[in-house]
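Colleague: Let me begin by handing over the structure; questions about it come next.
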Amino acid sequence: MPEGPSIVILKDLIKELHLGRPEVLEVAGNVKDFDKDRLLHQKIQDFKSWGKHFLICFNDFTIRIHFMLFGSYLINERKKTPLKLGLIFKKDELNFYTCKVDLLEGNVKKHYNWENDVMADEWSSSAAIKTLKENPQVTVCDILLNQQIFSGVGNIIKNEVLYRTRIHPLTKIENLPPAKLKALVKEARNYSFDFLKWKKENTLSKHWEIYNQKECPLKHKIEKKELGKTHRQTYFCEKCQKLYL
């Protein structure tokens with residue numbers, strides 16, 4: 001599943017096309033959740049990202065694309081996989097495959113709070129800390145994946161942030177020292193931008209310290225378990241990461 005930085009990359013690639021506010025001249029694909037003809041001859045006002053969601057904003061509605069586990073896209077290219085949604089403009093086209101597509105009515109700002117998006121300029125660390133304190137019994141491995149607090153953080157970022165901050169994934173929020181709580185929030189954003197940089201360089205996996213590794217940088221054996229209520233695969237080092245009780 002693409003994490004927040006990968007959606008920002010898609011947004012940046014589209015920005016490089018210099019589309020402006022293009023008119024949709026043709027709509028293709030097998031999307032059935034709404035009448036896709038509603039997009040026809042409408043002008044796109046903006047392309048946005050919020051966490052793992054890619055947003056195509058029109059005057060009074062927004063198309064939301066979630067790539068789920070196996071979604072993909074092509075710009076000015078097509079492939080044989082059944083097309084979920086294709087938008088054709090005067091000189092360019094955007095094609096989305098194996099993804100979930102929804103139509104959101106009204107202004108997109110009514111649906112999203114960009115203070116929760118770790119990649120957004122509007123990101124608020126103080127709001128994140130406040131919400132964390134309101135969830136004292138939740139483990140850090142679960143809360144980092146909460147998209148209403150850390151929108152865009154996925155499993156790779158979760159694992160790397162917990163190793164960076166030396167926090168054991170089963171630590172509960174209420175047991176974290178204040179300095180560690182702040183570090184957790186800070187590194188969720190910092191690592192997301194490192195992820196973005198390395199992804200653009202095609203070197204992301206070379207920088208993994210713990211995700212999908214057998215040893216941590218200090219040569220300790222890494223544990224691999226499905227932890228928390230989310231049961232997501234978690235990599236951690238019992239020696240480097242402290243379980244706060």
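The values are calculated or read from the model by the stated rules, or taken from the named source; none is laboratory data. Please read these numbers as outputs of a predicted model, since none were measured by experiment. Note: ideal-geometry Cβ built from the backbone for every residue, glycine included; neighbour counts use all protein chains shown. For accessibility, only protein heavy atoms count, side chains too; no ligands or nucleic acids. Shrake-Rupley method; radii C 1.70, N 1.55, O 1.52, S 1.80 Å.
Colleague: With every protein chain present, what accessible area does Trp198 have (1.4 Å probe, heavy atoms only), rounded to the nearest 10 Å²?
Modeller: The accessible area of Trp198 comes to roughly 30 Å².
Colleague: Run the numbers on the chain and let me know its relative contact order in percent, using alpha-carbon pairs under 8 Å that are six or more apart.
Modeller: On the way: 472 pairs, mean separation 42.3, N = 245.
This gives 17 percent for the chain.
Colleague: So what's the angle, to the nearest 10 degrees on a 0 to 90 scale, between helix 155-164 and the longest Cα principal axis of the chain?
Modeller: It works out to around 30 degrees.
Colleague: Give the Rg (one decimal place) followed by the Dmax (whole number) of region 177-243, computed from C-alpha coordinates and expressed in Å.
Modeller: Both quantities, over Cα of region 177-243: 13.4, 36 Å.
Colleague: Using a Debye calculation, one point per C-alpha and no hydration shell, please list log10 I(q)/I(0) for region 158-205 at q = 0.14, 0.24, 0.28 Å⁻¹ in order.
Modeller: At q = 0.14, 0.24, 0.28 Å⁻¹ the computed log10 ratios are -0.38, -0.84, -1.01.
Colleague: Take the alpha-carbon centre of region 150-203, take the same for region 1-55, and report the distance between them in whole Å.
Modeller: 28
Colleague: Can you compute the helix-only [θ] at 222 nm over the chain? Use -39500 (n - 2.57) per DSSP H run of at least 4 residues, normalise by all residues, nearest 500 deg cm²/dmol. If you can, show how the numbers build up before the last one.
Modeller: Details: 5 runs with 59 residues, N = 245.
Calculated from helices alone, the mean residue ellipticity at 222 nm is -7500 deg cm²/dmol.
Colleague: A further question on this structure: Would you kindly enumerate the cysteines in the chain that have no other Cys beta-carbon under 4.7 Å from their beta-carbon?
Modeller: Cys57, Cys99, Cys141
Colleague: Rounded to the nearest 10 degrees, what's the angle between the helix 4-15 long axis and the longest principal axis of the chain, both from Cα atoms, 0 to 90?
Modeller: The angle comes out at about 30 degrees.
Colleague: OK, next. Quick one: of Lys48/Lys224; Lys109/Lys206; Lys79/Lys200; Lys100/Lys130, which pairs are farther than 25 Å apart, Cα to Cα? Can you show the working numbers first?
Modeller: Values: Lys48/Lys224 35 Å; Lys109/Lys206 37 Å; Lys79/Lys200 23 Å; Lys100/Lys130 32 Å.
Checking Cα-Cα distances, Lys48/Lys224; Lys109/Lys206; Lys100/Lys130 exceed 25 Å.
Colleague: Eigenvalues of the Cα gyration tensor times 5, then square-rooted: what semi-axes does that give for the chain, in whole angstrom, largest first? The partial results should precede the final answer.
Modeller: Details: eigenvalues 267, 75, 44 Å².
Equivalent ellipsoid semi-axes, largest first: 37, 19, 15 Å.
Colleague: Please report, as a whole percent, how much of the solvent-accessible surface of the chain comes from carbon and sulfur atoms (probe radius 1.4 Å). Can you show the working numbers first?
Modeller: Numbers: 6150 of 12790 Å².
Looking at the chain in its full context, I get 48 percent from C and S.
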